[in-house]
């Protein structure tokens, strides 16, 4: 079974750290704007304190993806490029090419 990607796990935890205090404050009949502000501050603070490892793993993954030495190549890239070229330049792909 595949593990859940770090970005999904981190995002879900950040949403929970905002949504749970917001729901509690709204149930307690606190003003909507105050509830939202307090929940946002709480969520940010709690994520900075408690989600250090997932945040560092996520930033490491983003750094690795951004600074990859060789671009990510998929098996069907050549086929996609040929299809795009055929659509963009139909006269060139239909005409037989001569050896010069």
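What full-extension length gain, to one decimal in nm, is calculated for residue 16 and residue 86 as 0.36 nm per residue of separation minus the Cα-Cα distance?
20.4 nm
Between residue 41 and residue 67, what's the calculated FRET efficiency when r is the beta-carbon distance and R0 is 41 Å? Round to 0.05.
0.80
With a ≥ b ≥ c taken as the square roots of the eigenvalues of the C-alpha gyration tensor of region 1-68, please select rounded if a/c is under 1.5 and otherwise prolate if a/b is larger than b/c or oblate if it is not?
Prolate shape, in that a/c is at least 1.5 and a/b is the bigger ratio.
Every number in this text was worked out from the coordinates using simple rules, so none of it is lab data. As the structure is a prediction and not an experimental result, all values here were calculated from the model. As a convention, Cβ positions derive from the backbone with ideal geometry for all residues, glycine included, and neighbour counts pool all protein chains shown.
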